[in-house]
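Peer 1: Below you'll find the structure I mean.
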Amino acid sequence: MQDDMSGRTHHNAHHGIVENGRTHLRDLSLTELREFVERLEEPRYRYRQLVSWLYEKLADDFLEMTDLPMSLRETLGRNAEVSSLRGATMQVSKIDDTRKYLFELRDGKFVESVMMRHGHRLTLCISSQVGCPMDCRFCQTSKGVFQRNLKSGEILDQICHLKQDCRDDADKVNIVFMGMGEPLLNYRSLVQVIGTLNDADGLEMGSKRITVSTSGLPRRMKNLANEGIKCSLAVSLNATTDDQRRRLMPAVSRHSLKDTIDAARYFAERTGRRVTLEYVLLKGENTSYEDAHRLGKISRKGPFKINLIPYNPGRDPEFDTLSEDELDRFIQVLLPYSPTLTVRRSKGPDIFAACGQLWNQSLGHKKEPAEGT
Ligand code: SAH
């Protein structure tokens, strides 16, 4: 049984079954994985072995699972798959070792993920959708056509693939849902993924190490607070008035700033976790003296912290970036309001791996420009 967003429940017997009739194991919740093993009429401890190969030892193939009898490995090979990713290419930044991955999915569509190093910490930036329907003016992902939600298994495959690549540092991994897509529009899959990340049988990661970043869907932010899963929330505020937000983030601005901030406060109060307000600095659009004051006041409306993000120009930038001096002046106004203020420095500039730059131009899924432009 599974709940969907409308609150109805329905049987989902074929959950995780892919077109070729094989079950994608990372698409199953851990409860469903347990049931899958039971249906194979194998001893119960096989679940433990299998789950450890999937999420701890990060196997690519059933043949690697050497503590399973060969006959079982063959049965699994016929009926199931470990990963849904068909191909992966990686680019490494010469400047800071940031890695950008391009994955081919089963249906020939592509998504990108990024692995960044901050000292001893590793951050995996994961996609939740192929493309994004939100149409935020400053974000490169909105230049491509939105195609579909990712399945839970496809999200976990990205994480497992990147983790495989950094085995030595695996205990210092953070996951941020800040890649392509609006995670809260793929709500059920997101919640299932976080459940697996939290679970001691899965990746055993707590709320400090998992961040969901949303453009701001108030009802779903509140739902997420009520799920009883462990994750942190970041909200891409990016404006201090409703008018500004309508210009910069047209799709999400049908929700007022007030409702967005109320939902952020609800999340913080319900979970006991401070919510991050993200703010992309777009020179001349949202960076005035008044904006800094208004942002400061907003930051006092709840247990919030502010993360300023200097604008990352894409290949054809539509906004200007603040100079260091201008950034400093903005911060000086803001600081008295908000002592927990951070600035996000972009990574991997030479491979276009920074926030808002994920969208692979070679794929040809470009939106047609409107007539006359
Ligand atoms: N849809 C989600 C997650 C993906 S965007 C969201 O909106 O939060 C992740 C972050 O990158 C958001 O805070 C977004 O505002 C920011 N971002 C998008 N384009 C950017 C750009 N060109 N420069 C800097 N940050 C950008």
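Peer 1: Report, ordered by the first and then the second residue, all pairs with beta carbons closer than 6 Å, sequence separation of six or more or different chains, a first member in region 226-247 that is under 20 Å from ALA292 (Cβ atoms), and a second member that is assigned to a helix (DSSP H, G or I) and among the charged types (D, E, K, R).
Peer 2: ALA239/ARG245; THR240/ASP291; THR240/ARG294
Peer 1: Identify the residue in region 189-222 that is in a helix (DSSP H, G or I) and open to solvent by less than 10 Å² (accessible area, probe 1.4 Å) and, among all such residues, is farthest from the ligand (Cβ to nearest atom).
Peer 2: Per the stated criteria, the residue is THR196.
Peer 1: Can you name the residue in region 230-244 that is within 16 Å of GLY296 (Cβ to Cβ) and either among the acidic types (Asp, Glu) or surrounded by fewer than 21 Cβ atoms within 10 Å (Cβ to Cβ) (or both) and is also farthest from the ligand (Cβ to nearest atom) among such residues?
Peer 2: Checked region 230-244; the qualifying residue farthest from the ligand (Cβ to nearest atom) is THR241.
Peer 1: In addition: If we keep just the residues of region 120-137 that are farther than 19 Å from MET205 by Cβ and open to solvent by 30 Å² or more (accessible area, probe 1.4 Å), which is farthest from the chain's Cα centre (by Cα)?
Peer 2: Per the criteria, the residue is ARG137.
Peer 1: Step by step: first the residues of region 57-73, then only those that are touching a residue at least 12 places away in the same chain (Cβ under 8 Å) and not in a loop (DSSP other than H, G, I, E, B), then the one that is farthest from the chain's Cα centre (by Cα). Which residue is that?
Peer 2: LEU72
Peer 1: Another question, if that's okay. Anything in region 57-71 that is touching a Leu at 6+ places or on another chain (Cβ under 8 Å) and open to solvent by 10 Å² or more (accessible area, probe 1.4 Å)? List them, or say none.
Peer 2: Hit for region 57-71 is PHE62, nothing else.
Peer 1: Confirm whether ARG254 is of a type in the set (Lys, Arg) and within 12 Å of the ligand (Cβ to nearest atom).
Peer 2: Taking the combined requirement at face value, the residue does not satisfy it.
Peer 1: For a quick check of your reading of the model, give me the residue pairs whose first member lies in region 40-53 and is assigned by TED's automatic domain parsing to the domain that holds ARG26, whose second is open to solvent by 50 Å² or more (accessible area, probe 1.4 Å) and not in a loop (DSSP other than H, G, I, E, B), with beta-carbon atoms closer than 9 Å and at least 6 apart or on different chains.
Peer 2: Cβ pairs passing all conditions: LEU40/ASN79; ARG44/ARG34; ARG44/GLU38; TYR47/ARG34; TYR47/GLU38; VAL51/ARG34; TRP53/GLU64.
Peer 1: Tell me yes or no: at least one residue of region 362-370 is over 22 Å from SER215 (Cβ atoms), open to solvent by 70 Å² or more (accessible area, probe 1.4 Å), of a type outside the set (S, T, N, Q) and at pLDDT 85 or above.
Peer 2: No, that holds for no residue.
Peer 1: Among what's in region 258-287 and is without any contact (Cβ under 8 Å) to a residue 40 or more places away in the chain and at negative phi, pick the residue that is farthest from the ligand (Cβ to nearest atom).
Peer 2: So the residue we want is GLU269.
Peer 1: Just need a number here: residues in region 33-56 that are open to solvent by less than 60 Å² (accessible area, probe 1.4 Å) and more than 29 Å from the chain's Cα centre (by Cα).
Peer 2: 5
Peer 1: Checking LEU327 against (1) in a helix (DSSP H, G or I); (2) open to solvent by 30 Å² or more (accessible area, probe 1.4 Å); (3) more than 22 Å from LEU124 (Cβ to Cβ), which single condition isn't satisfied?
Peer 2: Of (1) in a helix (DSSP H, G or I); (2) open to solvent by 30 Å² or more (accessible area, probe 1.4 Å); (3) more than 22 Å from LEU124 (Cβ to Cβ), only one is false for LEU327: (2).
The values are calculated or read from the model by the stated rules, or taken from the named source; none is laboratory data. From a predicted model like this one, the values you see are computed outputs, not experimental measurements. A quick note on method: Cβ atoms are made from the backbone with ideal geometry, for glycine too, and the neighbour counts reach across all protein chains shown. We work out accessible area using only protein heavy atoms, side chains counted, and drop any ligands, DNA or RNA first. Shrake-Rupley method; radii C 1.70, N 1.55, O 1.52, S 1.80 Å.
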